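Colleague: Sharing a structure, written as structure tokens. Questions coming.
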Amino acid sequence: MIRWLPAFIAGTMISAAQQVSVPPSVPYVQVHGEATISARPDRVQLDVGIVSQSATSQAAAELNAKESNTVIDALHQVLPAANIRTVNFSVNPNYQYPKDGSPPTILGYTATNTARLELDDLALLGKLIGAATKAGASNVNRVNFILHDESKARAEALGKAADQARAGAAALADRLHVKLGRLLRIEEEQPVIVSPGRQVELAAAAKAGSAETTPIEPGSIEVHASVSLTFEVAQ
């Protein structure tokens, strides 16, 4: 669309160091561009849980600590310590609720320890899950494929959105037999959207001992950007 640019938007531009002074009213064209790119995940996060039960809370915690150490030691054979961190630890009573409505009784305690793992070599995913389950892990709660560094994908999406907007402005100018002048304004219409990667539940496969042989495809991550460009229409 071609409009007359009001004076009150004067002074916005390509960089903070370079401002463009806009006359009180100038013809301009404002165009929209958007782009979605697909990026291959290069990092995977997964949670490994160790669940232990015993008659007392202290016994459950001690048993869980022992079993967790065994699992963590096995994981260290595949991952550096910096890629393993505890994200949850809890000890909770196990209640039995009588059918007659009388107060519940405590049958024992359950201790749960969840470790979050980050792996950059996706080819080792099956080996990592196998090491955890063979060492006694109770479950693999999720496998989440992500990007180690989103900045490159974000920049690419923004660049393609800007290219589309510029091409639209050129097409409008050509059809209307006018010339584009200065680029007056660049706006990111909304924050770049990085769609969540696939989350795969592997608890069943892990319990069956088949995680090392089950193919796990990471798929792709969608990155969407939209921009608005405003060009002066040359007189």
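Colleague: Would you mind stating whether Ala205 is of a type outside the set (Lys, Arg), in a helix (DSSP H, G or I), modelled with pLDDT of 95 or more and surrounded by 18 or more Cβ atoms within 10 Å (Cβ to Cβ)?
Modeller: no
Colleague: May I pose another question? Can you confirm whether Glu67 is modelled with pLDDT of 85 or more, in contact with a strand residue (DSSP E or B) (Cβ under 7 Å, 6 or more places away or on another chain), of a type in the set (Asp, Glu) and part of a strand (DSSP E or B)?
Modeller: Judged against the criteria, Glu67 is not a match.
Colleague: Then there is this: For Val31, state whether it is open to solvent by less than 70 Å² (accessible area, probe 1.4 Å), under 30 Å from Ala234 (Cα atoms), in contact with a Gly (Cβ under 7 Å, 6 or more places away or on another chain) and touching a residue at least 24 places away in the same chain (Cβ under 8 Å).
Modeller: yes
Colleague: Output yes when any residue across region 8-17 is among the β-branched types (Val, Ile, Thr), touching a strand residue (DSSP E or B) at 6+ places or on another chain (Cβ under 7 Å), open to solvent by 60 Å² or more (accessible area, probe 1.4 Å) and modelled with pLDDT under 90, and no when none is.
Modeller: There is at least one residue in region 8-17 that is among the β-branched types (Val, Ile, Thr), touching a strand residue (DSSP E or B) at 6+ places or on another chain (Cβ under 7 Å), open to solvent by 60 Å² or more (accessible area, probe 1.4 Å) and modelled with pLDDT under 90.
Colleague: Of the residues Gln45, Gln30, which single one is polar (S, T, N, Q) and under 21 Å from Asn144 (Cβ atoms)?
Modeller: Going through Gln45, Gln30 in turn, just one is polar (S, T, N, Q) and under 21 Å from Asn144 (Cβ atoms): Gln45.
Colleague: Every residue in region 33-78 that is under 21 Å from the mean Cα position of the chain (by Cα) and of a type outside the set (Asp, Glu), please.
Modeller: Ala35, Thr36, Ile37, Ser38, Ala39, Arg40, Pro41, Arg43, Val44, Gln45, Leu46, Val48
Colleague: Which one of Thr110, Thr86, Thr114 is outside any loop (DSSP other than H, G, I, E, B), in contact with a strand residue (DSSP E or B) (Cβ under 7 Å, 6 or more places away or on another chain), open to solvent by 80 Å² or more (accessible area, probe 1.4 Å) and of a type in the set (Ser, Thr, Tyr)?
Modeller: Every option except Thr86 fails the conditions.
Colleague: Ok, one more. Would region 94-106 turn up any residue that is at pLDDT 95 or above and within 23 Å of the chain's Cα centre (by Cα)?
Modeller: no
Colleague: While we're looking at this one, here's another question. On the given criteria, is Ala123 small (Gly, Ala, Ser) and open to solvent by 50 Å² or more (accessible area, probe 1.4 Å)?
Modeller: yes
Colleague: Go through region 168-188 and give me each residue that's free of Cβ contacts under 8 Å to residues at least 24 places away in the same chain and either within 36 Å of the chain's Cα centre (by Cα) or part of a helix (DSSP H, G or I) (or both).
Modeller: Across region 168-188, the qualifying residues are Ala170, Ala171, Asp174, Arg175.
Colleague: Anything in region 135-167 that is open to solvent by less than 70 Å² (accessible area, probe 1.4 Å), out of contact with any Asp or Glu (no Cβ under 6 Å at 6 or more places or on another chain) and in a helix (DSSP H, G or I)? List them, or say none.
Modeller: Once the filter is applied, which keeps residues that are open to solvent by less than 70 Å² (accessible area, probe 1.4 Å), out of contact with any Asp or Glu (no Cβ under 6 Å at 6 or more places or on another chain) and in a helix (DSSP H, G or I), region 135-167 yields Ser151, Ala153, Ala155, Ala157, Leu158, Gly159, Ala162, Ala165, Ala167.
The values are calculated or read from the model by the stated rules, or taken from the named source; none is laboratory data. The shown structure was predicted, so the numbers you read here are calculated from the model rather than taken from an experiment. Because the Cβ atoms are built from the backbone with ideal geometry, glycine has one as well, and the counts that use them run over all protein chains shown. Remember, those area values only see protein heavy atoms, side chains included, never the ligands or the DNA or RNA. Shrake-Rupley method; radii C 1.70, N 1.55, O 1.52, S 1.80 Å.
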